[in-house]
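Values quoted throughout were computed directly from the atomic coordinates according to the rules given, and no laboratory measurement underlies them. Source: prediction; values computed, not measured. We place every Cβ from the backbone using ideal geometry, glycine too, and count neighbours over all the protein chains shown.
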Amino acid sequence: MKSAAPAYAPNDGVIDVAETTLGGRILSSLEAAYEVSFTVDRESLVETMTLLRDTPGLEYQQLMEIAGVDYPDRADRFEVVYCLLSLTRNHRIRVHVQTDEIKPVPSVTGIWPVAGWLEREVYDMYGVLFDGNPDLRRILTDYGFVGHPQRKDFPLTGYVELRYSEESKRVVYEPVKLAQDFRTFDFMSPWEGAEYILPGDEKAAAAAPPPPPAPPPAQPKTTESTAQSGAGKPEAGAGPKPATSTAKAEKADGADPKPAPPAAEKPKPTRARKTADVAAAPEAAKAPLTRKVAAKPRVKPDAPTADAPAKPSRAKKKPEPNNG
């Protein structure tokens, strides 16, 4: 294999023959990177393509591709590029046409029917109109798509988003809701960071002021006597304090606390008191605490009674000895 790329015929004399054939239809011509390109007048595109196909020495019989390019800074921001192939001469050229969002480009579907699909792609991606295309409608995006994705001013997130709605049981379109404006990506390594300072970062570069010194730790409040805490002072409308409080206050001052008088206890009952209580209520003492039931006499089953005579004994009699 001599070459990795396909071999084509050299470009010798191609520009001269094309300029002689097309005349004023060619606005400019360029040969670069072993390729020849022509920029032609938009209004005469169909005549130019017909001459490039049928003129001997040119004979570009096949339309390979139609591509679009966007130059937002130019008045005619779009370029429609036609890639042609000569099967008899084994040669390729490019034909460029300039237009904008309003001015249509003549369709070449009458010369190459395959241009119908290719022009639809350029219309879908860039919004270029083609006059004479019998079915100019979107081909790559959805039916309700808004905008043209290959334009330089088209946001990467788009204008609408689609999702499947469980309520409507169909795909619905909704406006794109962004939390912040789209920012231009730097294409540099996010781990290394950009070499320039982004707007607003100059504030972060300035040295931050030192933090204020920490306050000293708070000392716990202590008292050495009741005079400092105000203990023992009567308050307005306060009643007498219990003895326990006085004892605690005296103990805090260092004095011996006076023992509080013991509370009156209920005396335990004695034996004499129990006897006096019984004497005061003799009837209660004589009353039986429980009711006793008379026990029935047990009668032996063999004992004779008035109603039933005694039964003969069941004991076996010993046989009498036979003296005879």
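Residues in region 97-102 carry Karplus couplings, in order, of 10, 9, 7, 10, 6, 9 Hz; the curve used is 6.51 cos²θ - 1.76 cosθ + 1.60 with θ = phi - 60°, and Gly or Pro positions show x. Listed peptides 56-65, 104-113, 122-131 appear in the order 122-131, 104-113, 56-65 once ranked by packing, highest mean of other Cβ atoms within 10 Å at the front. Applying both filters, DSSP loop and at most 13 other Cβ atoms within 10 Å, to the trypsin sites (Lys or Arg not before Pro) of region 1-94 gives Lys2, Arg74. Put simply, the amide H of Phe130, placed in the peptide plane, has neighbours under 5 Å in Val105, leaving out anything fewer than 5 places away on its chain.
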